[in-house]
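The values are calculated or read from the model by the stated rules, or taken from the named source; none is laboratory data. Please read all numbers here as calculations on a predicted model, not as lab measurements. Every residue, glycine among them, receives a Cβ derived from its backbone with ideal geometry; neighbour counts consider all protein chains shown. Please note that ligands, DNA and RNA were not included when accessible areas were found on the heavy atoms of the full protein model with its side chains. Shrake-Rupley method; radii C 1.70, N 1.55, O 1.52, S 1.80 Å.
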Amino acid sequence: MPKSKKRSNRSAGGRQKTIQPFSDDDSSIETMSHCSSFSDAASFAEDGAEVDEEAAQEDFEFKLKGLLELTMDKSAKTRQAALEGLKAGLSSKILYDFILERRITLTDSIERCLKKGKGEEQRVAAALACLLCCQLGSGVESEEVFKTLAPVLKIIISDRSASMPARQACASYLGLCCFIATDDIEDLYMTMECMENVFTKQYHSEGGSDNASALHIQALQSWALLLTICHSSEVKKKIDIHLHKLPRLLSCDDVNMRIAAGETLALLFELAREADADFYYEDLEPLTETLKALATDCNKHRAKVDRRKQRSVFRDVLRAVEEGDFPSEVIRFGRERMHIDCWVKRLTYGVFKELFGSGMQFHLMTNGFLRSIFELGPPLLLDAATIERMKVSRDERHMNNSAAFKARTKARSKLRDKRADVGEFF
């Protein structure tokens, strides 16, 4: 799926001046101005709301400034807490103007934490680097961030002394940063080569579990994501190299590795058929037999949860390989809907959802760059009150879930009672 990249027209959400982001933390800030000179109640409420929103935004940015300063603290715990706070802020709001003014400072802070920090600090710093690129959108600024931080991320990925969670995060977010920021084809191919050097080690693990399999999974996912924006000729080259080797990973002991390999195979078949309508895979029959076995796996030595997850995924993978079919799903956010109708969109949505977490729906509504990736058009012009009405409170969600649970319990109880009655007559 091609990305829309226009340097002269930055599509970052922060350019939409009429869009007011929301945050659960901001709702508790009482900063309305009480002026007795306004006699009109309607105008008073409107002006008060504007003052409240402006004051809340200023307070929020003031907190972010304090967190940015704390990323330079000597204490590792303090730096990590500051990075977590910045990550939460960038995940929940559009802060283009704020970030643009402090882009170099933010980049330097992230680079320092990646080099100086260990483990969890490096993991959060890598995520923050990716959020920074998402906020800036596809343009010169985000490309400069990528060029500064990519070498550091690559060093951590290949550093055996670094913690495994940090290496996994760097592999995941390096690929996503490259997907967002780079326009240089050489940077793209070099990043893909870096990922290949990692996950191809799993080819030689002889089907057993590897201590680094989680790292290999993230590298494989990042490589597949970058493959979706490559030229068709490069896609064909990569498919020729890896399509015959990836089935080896279906026999790994790690269920997540098997699932990652299966989803990547489905993606490769989809890309191959898009590039060549007459695409034919010679070893299709043995591959489908393997996929059928995984889609109906009943081995008792594997955990029930793992078997259930594996069967669900591989039923879809089998349909993709045999028939070129994809089970479409609908993502609802605000007043809009997005159809996930191919493996490319499914992978892309999954990667961004992992990055934004609970802020994914808000960014789908307001982040122009993210909307351009999924071809959603420009953001709808929603005011703060409308956005607030679309939010569902935690208590309301809990009540809805409780009501649904009670309804299911009653329905099942009635069904059980009927079965019991039938048994008494015979």
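Using a 1.4 Å probe on the protein heavy atoms only, what accessible surface does Glu289 show? Give it in Å² to the nearest 10.
Glu289 has an accessible surface of roughly 100 Å² with all protein chains in place.
Treat each spin label as a single point 7 Å out from the Cα along the C-beta direction, and report the Lys236 to Thr148 distance in nm.
Computed distance between label sites Lys236 and Thr148 equals 4.1 nm.
If DNA, RNA and ligands are ignored and the probe is 1.4 Å, what is the ranking of His244, His216 by accessible area, most exposed first?
His244, His216
Along the charge dipole of the range 79-182, Cβ charges K/R +1 and D/E -1, which of Gln168, Ile94, Ser138 sits furthest on the positive end?
Ranked along the dipole, the leading option is Gln168.
With charges only on Cβ, +1 for K and R and -1 for D and E, what is the dipole size of the range 180-272 about its Cα centre, in debye, rounded to 20?
Here the range 180-272 has a charge dipole of around 340 debye.
Probe 1.4 Å, all protein chains in place: accessible area of Thr296 in Å², nearest 10?
Roll a 1.4 Å probe over it and Thr296 shows about 90 Å².
When only the heavy atoms of the protein chains count and the probe is 1.4 Å, how do His204, His242 rank by accessible area, highest first?
Of His204, His242, the descending order of accessible area is His204, His242.
So for the range 286-369, taking the charge dipole from beta-carbon charges (+1 Lys/Arg, -1 Asp/Glu), which of Ala303, Val351, Pro327 sits furthest toward the positive end?
Checking the options against the dipole of the range 286-369, the answer is Ala303.
May I ask you to evaluate 6.51 cos²θ - 1.76 cosθ + 1.60, the Karplus curve with θ = phi - 60°, for each residue of the range 368-377 and list the ³J(HN,Hα) values in order in whole Hz, giving x for glycine and proline?
Calculated HN-Hα couplings, in order: x, 5, 5, 5, 5, 5, 8, 6, 9, x Hz.
Putting +1 on Lys and Arg Cβ atoms and -1 on Asp and Glu Cβ atoms, find which of Val235, Leu250, Ala261 reaches farthest to the positive end of the dipole of the range 226-266.
In the range 226-266, that residue is Val235.
Starting from a Cα-only point model with no solvent, please compute log10 I(q)/I(0) by Debye for the range 173-257 at q = 0.15, 0.17, 0.23 1/Å.
Reported log10 I(q)/I(0), two decimals: -0.54, -0.68, -1.11.
Past 25 Å, Cα to Cα, is the threshold; run Lys77/Lys353; Lys63/Lys93; Lys93/Lys353; Lys115/Lys147; Lys116/Lys147 against it and keep the listed order.
Listed pairs above 25 Å: Lys77/Lys353.
So how do 97-108, 119-130, 187-198 stack up, highest first, on mean other-Cβ count within 10 Å?
The most tightly packed comes first, giving 119-130, 187-198, 97-108.
What does the accessible area of His231 come to, in Å² to the nearest 10, when a probe of 1.4 Å is used?
The value for His231 is about 110 Å².
Which length gain, in nm to one decimal place, applies between Ile104 and Asp297 when the Cα-Cα distance is subtracted from 0.36 nm times their residue separation?
So the extension gain works out to 64.3 nm.
Keeping the other protein chains in place, figure out the carbon and sulfur percent of the accessible area of the range 50-150, with a 1.4 Å probe.
52 percent
Just order 233-239, 348-354, 265-271 by mean Cβ neighbour count inside 10 Å, highest at the front, would you?
Those peptides, ordered most packed to least, come out 265-271, 348-354, 233-239.
Roughly speaking, what is the stretch gain from Asp159 to Arg408, that is 0.36 nm per residue apart minus the C-alpha to C-alpha distance, in nm to one decimal?
84.5 nm
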